[in-house]
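The values are calculated or read from the model by the stated rules, or taken from the named source; none is laboratory data. In this text the structure is predicted, and so the values were computed from the model without any measurement. A quick note on method: Cβ atoms are made from the backbone with ideal geometry, for glycine too, and the neighbour counts reach across all protein chains shown.
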Amino acid sequence: MDRKYWETIAPKYETEIFDVLQNDKSGSIIAAIEAMASPEKSIMDIGCAVGKWIPILSPKFKLVIAADISAKNLQIAKEKYTDFDNVEYHRLDMSADDLTVTPCDTAICINAILTHSLEKRINFFQSLSLCLHTGGELVLVVPSLESKLYTNIIADRWNVDDAEHDKNPEPKKAIDQVKNIKQGVTDIDNVPTKHYLKEELELLLTLEGFEVQLIKKINYDWTTEFHKPPKWLSEPYPWDWMCTAKKKS
């Protein structure tokens, strides 16, 4: 998942990429944002993509910095949300070796740290700290590795969506998948995508100078995982991890 990938997917983003805002039926992410909102604060939407969170953020904050690696994503967002005059659009590569950024009071980062590259993920987590003033608050959402494995177990055990007919990967692909899973990288629509353990997420943020305040599940319907989920399939539902954290001095 590099810049080329996101530039290519940008025109199809609405239909190709999972919509966290629409599928968070509990409203937990919005509630976390509202808890740290103020008309005196600035907020950065890190990995804003086509700007779905802008209508949530703009009325609650003095300034919104919509930052994304894709210029096409930013252009789509800018053209779509012309009614919000307190939004600035910045092309920003959070996984770059060197990053120059003006820090904000608060930040959100919703399913943006997905790259299979360990080096780029290390840079991205280090950059999160650069984006915030001391004492600044962060709402971070990432895919759950526990949920992904749980979903795979169900699919294989009860042959959901004809899982038993899935083709085995070619030898080289299989070797790559084994290497990836050791880092929590597993495919979504054939794209290697980083998923996180709860404890891993807490560790990564702590190492970058954050005080983790809350980690909780953002539950989704089974239709987000399966085309035809069994009628008996209920709780526990698939989930992402949401974390709130504060940058320490």
Within region 27-43, count every residue that is in contact with a helix residue (DSSP H, G or I) (Cβ under 9 Å, 6 or more places away or on another chain) and either part of a loop (DSSP other than H, G, I, E, B) or modelled with pLDDT under 95 (or both). 1
Of D161, D176, D156, the only residue that is more than 30 Å from G27 (Cβ to Cβ) and in contact with a helix residue (DSSP H, G or I) (Cβ under 7 Å, 6 or more places away or on another chain) is D156
Quick check: anything in region 181-190 in a helix (DSSP H, G or I) and at pLDDT below 95? yes
Just to be sure, is K173 modelled with pLDDT of 95 or more and either touching a strand residue (DSSP E or B) at 6+ places or on another chain (Cβ under 6 Å) or farther than 20 Å from K120 by Cα (or both)? no
Within region 80-133, which residues are of a type in the set (S, T, Y) and closer than 28 Å to T186 by Cα? S95, T115, S117, S127, S129
When only residues in region 8-26 that are assigned to a helix (DSSP H, G or I) and either of a type in the set (S, T, Y) or at positive phi (or both) count, which is modelled with the highest pLDDT? T8
Selection within region 147-168 - in a helix (DSSP H, G or I) and surrounded by fewer than 17 Cβ atoms within 10 Å (Cβ to Cβ): L149, Y150, N152, I153, D156, R157, W158, D161, D162, A163, E164, H165
Quick one: in region 124-153, which of the residues that are touching a helix residue (DSSP H, G or I) at 6+ places or on another chain (Cβ under 8 Å) and among the charged types (D, E, K, R) is nearest to D19 (Cα to Cα)? E146
Let me confirm something: among K182, K172, which residue is surrounded by fewer than 18 Cβ atoms within 10 Å (Cβ to Cβ), without any contact (Cβ under 8 Å) to a residue 12 or more places away in the chain and either closer than 30 Å to C131 by Cα or within 16 Å of the chain's Cα centre (by Cα) (or both)? K182
Just to be sure I understand, how many residues within region 182-236 are at positive phi and touching a helix residue (DSSP H, G or I) at 6+ places or on another chain (Cβ under 9 Å)? 3
Residues that are assigned to a loop (DSSP other than H, G, I, E, B), within 26 Å of I17 (Cβ to Cβ) and among the basic types (K, R): does region 222-245 have at least one? yes
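Conditions (1) within 21 Å of V139 (Cβ to Cβ); (2) among the β-branched types (V, I, T); (3) in contact with a Gly (Cβ under 8 Å, 6 or more places away or on another chain), marked per residue:
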position	(1), (2), (3)
M44	yes, no, no
G47	yes, no, no
S58	yes, no, no
D68	yes, no, yes
I76	no, yes, yes
Would you tally the residues in region 223-236 being buried (at least 18 other Cβ atoms within 10 Å of the Cβ) and free of Cβ contacts under 8 Å to residues at least 24 places away in the same chain? 0
Hey, does region 197-210 have a residue that's touching a Gly at 6+ places or on another chain (Cβ under 8 Å) and either hydrophobic (A, V, I, L, M, F, W, C) or without any contact (Cβ under 8 Å) to a residue 60 or more places away in the chain (or both)? yes
